[in-house]
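Okay, structure first, notes after.
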Amino acid sequence: MAGFDLSTFAGRLRTTLHYLWNDHAYLRVGFQNAHWIGPDLVRTNQPWPFQLKWWKKKGVRTVINLRGGFDGSFHALEKDACERLGLTMVDFVITSREVPSRARVLGARELFKSIEYPALMHCKSGADRAGIMSVFYRHFHLGEPIRDAMSELGLRTLHMKAGKTGVLDYVFERYLEEAEPKGISFIDWVMSEAYDPDAIKRDFKASWWGTAVTEKLLRRE
């Protein structure tokens, strides 16, 4: 956080300019990719402080940051805004190109049990990491089948299944193919020997054009 000192006007300005340009925040001034996915959780892209103020007025009490980025300008501004607004900020790091570990899946289940609602959950674009966590929310918190909850991973929220980020879809597709027909619950499958994150990732194949879009054109985080 030393590089983004908000205690002075100059420091706050430098942090905001870094956020505006380096984090591509200019793209998110008027576009939040916001979707309520249940009665008490909304998913968005990385929010500006003024957007957090707006969500606070809508009743949001908890903000879940999925990006990590503890030394980033976005994190400094978000943490400061949450403190000033009286919002609880929770960091839950997840990746967009990896199969989540058992600990991460269990952590997501516990997260949705323990936070104060209504809540806002975000990554950078609101497409991939927010997508897989939205599936977990709908399955663990709302009790929906994985098959239905998977709709949170789609073009409606700008998620690209064809690129490397499609490994997130593939996790659930493997469950639906291998375990659901046997009556095995998703969490039991994850806790079994059949759930091997490294092997599942090796089996996944992204298309060349999808990879070009997510890695070269969109440069998804």
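The values are calculated or read from the model by the stated rules, or taken from the named source; none is laboratory data. Just so we're clear, the structure is a prediction, and the values are computed from it rather than from any experiment. All Cβ positions, even for glycine, are placed from backbone atoms using ideal geometry, and neighbour counts span all protein chains on display.
Structure notes:
- With a requirement of 1 or more residues that are among the hydrophobic types (A, V, I, L, M, F, W, C), in contact with a Leu (Cβ under 9 Å, 6 or more places away or on another chain) and in contact (Cβ under 8 Å) with a residue 40 or more places away in the chain, the helices (runs of 4 or more DSSP H) lying completely within segment 166-221 that satisfy it span 167-178, 186-191.
- Among the residues listed as Leu6, Leu41, the single one being of a type outside the set (Ser, Thr, Tyr) and under 30 Å from Leu142 (Cα atoms): Leu41
- Checklist (1) surrounded by fewer than 16 Cβ atoms within 10 Å (Cβ to Cβ); (2) closer than 28 Å to Trp209 by Cβ; (3) in contact (Cβ under 8 Å) with a residue 60 or more places away in the chain; (4) of a type outside the set (Phe, Trp, Tyr) applied to Gly154, failing item: (3)
- Matching entry among Ser134, Ser151 (being in contact with a strand residue (DSSP E or B) (Cβ under 8 Å, 6 or more places away or on another chain), of a type outside the set (Phe, Trp, Tyr) and in a helix (DSSP H, G or I)): Ser134
To keep it simple, each residue is scored yes or no on (1) within 25 Å of Arg219 (Cβ to Cβ); (2) surrounded by 18 or more Cβ atoms within 10 Å (Cβ to Cβ); (3) in contact (Cβ under 8 Å) with a residue 60 or more places away in the chain.
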| site | (1), (2), (3) |
| --- | --- |
| Arg12 | no, no, no |
| Val29 | yes, no, no |
| Ala34 | yes, no, yes |
| Val60 | no, yes, yes |
| Gly68 | yes, no, no |
| Asp71 | yes, no, yes |
| Cys82 | no, yes, no |
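- Picking from residues in segment 46-58 that are in a loop (DSSP other than H, G, I, E, B) and either surrounded by 23 or more Cβ atoms within 10 Å (Cβ to Cβ) or among the basic types (Lys, Arg) (or both), the one that is nearest to the chain's Cα centre (by Cα) is Gln46.
- Looking only at residues of segment 101-119 that are surrounded by 12 or more Cβ atoms within 10 Å (Cβ to Cβ) and among the hydrophobic types (A, V, I, L, M, F, W, C), we find that the one that is nearest to the chain's Cα centre (by Cα) is Ala108.
- Of Arg97, Arg109, all but one fail to be at pLDDT below 95 and out of contact with any Gly (no Cβ under 7 Å at 6 or more places or on another chain); the exception is Arg97.
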